[in-house]
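The structure under discussion appears below in the form of structure tokens.
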Amino acid sequence: MVKLFNIYFIPVTLSDIVDIAIVALLVYIALRLIRGSRARPMLIGLIVILFGALIAYWLDLKTIGWLVRRLAMIWALVFIILFQTEIKDILTRLGSAGIFNPFRIRTSEETIKAIKESLRQLREMRAGALIAIQRKTPLSGVVVGGKSIGAKVTPELIVSIFSPMTPLHDGGIIIRGDKIESAACQFPLTEDEHYRDIFGMRHRAAIGLTENSDVVVVVLSEETGNVSLAIRGKIYTNLSLDELERKLAAILSEKR
């Protein structure tokens, strides 16, 4: 390979530049995928060790290079053992990314308006609701139970599901596109201790489901009538119905 230039006494070729660019891109993607995760600091440590190994290789420091390579192997093994759940979630998100899954689920404006109207009626009834709107990430591995519905989203159907006297009102519903796929689903609760003393089960389930998926979850509080929206592990509370409609329209129209 033709030498392009030197950095001090180290020759740099075109293959070196391509190699570094690919590694930098992979590191960037990895850090984006684990953004906000407890695995991030340890992954950064692993990257620092690997960078040290690269420097030792370039400078021909054989002993230090051997030591750093062994340390990197141990660090990588510990990382895999400690963060099995995070790694599984990352692979799930990669599998649902646009490059592997080009078919984006579309939720129409009519469905958003139906959700808004159902929340208005349920609020008047002093009933609660938990509505998950699926985007790309499959939810089969994280949602427990549920009864298959497979019907078009309408205010009447959502209100009937969450009416306190119906057998399906416990748990949440999953909307995929413009259909209610299932009802009475159990969502995973967030493990973030910050939310335990602040929110009840519905809100914590909404946050928990969005922590490792691109799903959007709407919550209606039975006690206060407040409307909340959870996405990417964060929750926005005390939204008006008009604010909720605008946010849903913006989020669900995103090209991912």
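The values are calculated or read from the model by the stated rules, or taken from the named source; none is laboratory data. Bear in mind that the values here come from a model prediction, so they are computed numbers and not experimental data. Glycine gets a Cβ as well: all are built from the backbone with ideal geometry, and neighbour counts include every protein chain shown.
Taking Thr190, is it crowded, with 17+ Cβ neighbours inside 10 Å, of a type in the set (Val, Ile, Thr) and part of a loop (DSSP other than H, G, I, E, B)?
Yes.
Considering only segment 132-147, state which residues are touching a residue at least 24 places away in the same chain (Cβ under 8 Å) and either aliphatic (A, V, I, L, M) or not in a strand (DSSP E or B) (or both).
Ala132, Ile133, Arg135, Lys136, Thr137, Pro138, Leu139, Gly141, Val142, Val143, Val144
Take segment 183-195 and flag every residue that is touching a Lys or Arg at 6+ places or on another chain (Cβ under 6 Å) and either at pLDDT 95 or above or of a type in the set (A, V, I, L, M, F, W, C) (or both).
Those that are touching a Lys or Arg at 6+ places or on another chain (Cβ under 6 Å) and either at pLDDT 95 or above or of a type in the set (A, V, I, L, M, F, W, C) (or both): Ala183, Ala184, Leu189.
Does Gly171 count as within 22 Å of the chain's Cα centre (by Cα), touching a residue at least 40 places away in the same chain (Cβ under 8 Å) and assigned by TED's automatic domain parsing to the domain that holds Val216?
yes
A quick yes/no check of all residues on (1) touching a strand residue (DSSP E or B) at 6+ places or on another chain (Cβ under 8 Å); (2) in a helix (DSSP H, G or I); (3) small (Gly, Ala, Ser); (4) on the phi > 0 side of the Ramachandran plot:
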{"site": "Arg202", "(1), (2), (3), (4)": "yes, yes, no, no"}
{"site": "Leu209", "(1), (2), (3), (4)": "yes, yes, no, no"}
{"site": "Asn212", "(1), (2), (3), (4)": "no, no, no, no"}
{"site": "Val217", "(1), (2), (3), (4)": "yes, no, no, no"}
{"site": "Glu222", "(1), (2), (3), (4)": "no, no, no, no"}
{"site": "Gly225", "(1), (2), (3), (4)": "no, no, yes, yes"}
{"site": "Leu229", "(1), (2), (3), (4)": "yes, no, no, no"}
{"site": "Glu245", "(1), (2), (3), (4)": "no, yes, no, no"}
{"site": "Glu254", "(1), (2), (3), (4)": "no, no, no, no"}
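Could you say which residue among Ile198, Ile207, Ile235 is within 23 Å of Lys113 (Cβ to Cβ) and either modelled with pLDDT under 95 or crowded, with 18+ Cβ neighbours inside 10 Å (or both)?
Every option except Ile235 fails the conditions.
Give me the pairs: first residue in segment 20-31 and under 17 Å from Leu54 (Cα atoms), second residue at pLDDT 70 or above, beta-carbon distance under 8 Å, and six or more apart or on different chains, which are they?
Val27/Ile47
Only residues that are modelled with pLDDT of 90 or more, surrounded by fewer than 14 Cβ atoms within 10 Å (Cβ to Cβ) and among the hydroxyl-bearing types (Ser, Thr, Tyr): list them for segment 121-159, please.
Ser148
Among the residues of segment 154-185, write down those that are part of a loop (DSSP other than H, G, I, E, B) and among the β-branched types (Val, Ile, Thr).
Thr154, Thr166
Residues of segment 184-197 being farther than 29 Å from Met165 by Cβ and over 18 Å from the mean Cα position of the chain (by Cα), which ones?
Glu193, His194, Arg196, Asp197
Somewhere in segment 122-130, is a residue among the small types (Gly, Ala, Ser), more than 18 Å from Glu223 (Cβ to Cβ) and not in a strand (DSSP E or B)?
No - not one qualifying residue is present in segment 122-130.
Hey, Leu189 hits all of (1) closer than 18 Å to Val144 by Cβ; (2) in contact with a strand residue (DSSP E or B) (Cβ under 6 Å, 6 or more places away or on another chain) but one; which does it fall short on?
Unmet for Leu189, out of (1) closer than 18 Å to Val144 by Cβ; (2) in contact with a strand residue (DSSP E or B) (Cβ under 6 Å, 6 or more places away or on another chain): (2).
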